[in-house]
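J.: Mind having a look at this structure? Questions to follow.
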Amino acid sequence: MADNLAEAARATRPPDKDERSRAYRHATWPEREAMHAAIAQHKADAIAKRVELGRRYLETHSSDIDVPYERAVATVDLIDETRAVRDEAIAMDPEDVISFKVFVQLTDVDDDCGPFHALPAHLSRDVLHAVGYSGVTFLTDERVAEHVGWDRVVKLTGPAGTVGFVDTTRCLHFGGRPRKAGRPVRDQLVFQYLLPTSLLFPIDGDAKHPRFLPQLDATGDEHWDALIGARYT
């Protein structure tokens, strides 16, 4: 399989659906990166437009939130900023080699509520290489603790309005462990952001483009339309 993936990455044609499926289900991390590079070459125009769109957005929307690439996990207190969307929400894993999820806690979460856990990306990579990880599978807590130490795992705990930023593709993670008796269920609002190179996205012409958010419609605002996948994919 490695030879087939490497050939697809070198080829001038984009990887086909079967090659992408094999990479998603069975490839090692270097093989997934090779597939990403092959798709990125085909999607270069869309990626460049998204980079430019992000640059222009940041020119008018300043923020001091920074998630270092090497760690790819951080938490921040946005209790006041998320209050309205949390009130509205209460009233009402296919990826790439990089992605991003935003976890907005709608309820208070402590160690007894089964909080979300993530191992920073650089430490996750050390573990994946050490165990020869490939495909999409699971590792035990004991193996993670053995290689990098359990105290380096980041827990998303805190009052409602605490927000976690995590690249769940590059960071080993888990959530929803059984909570202690009598503790409340943790409710979260989760946003996932994928690049046009995501193995979930069909290459032009080989399938109908999926609508991941069919309840949301394009408005003509390029930032919103890119967010819901209506352009630059």
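Please treat every number below as a calculation from the coordinates, not as lab data. Worth saying up front: this structure is predicted, and the values here are computed from it rather than measured.
J.: Please list, or write none, the aspartates and glutamates whose alpha carbon is within less than 12 Å of the alpha carbon of K101, excluding same-chain residues fewer than 8 places away.
T.: D93, D167
J.: What list of ³J(HN,Hα) values in whole Hz, one per residue of segment 59-69 in order, does the Karplus curve 6.51 cos²θ - 1.76 cosθ + 1.60 (θ = phi - 60°) give from phi, with Gly and Pro shown as x?
T.: Each residue's phi maps through the Karplus curve to give 5, 10, 10, 6, 7, 9, 7, 9, 10, x, 4 Hz.
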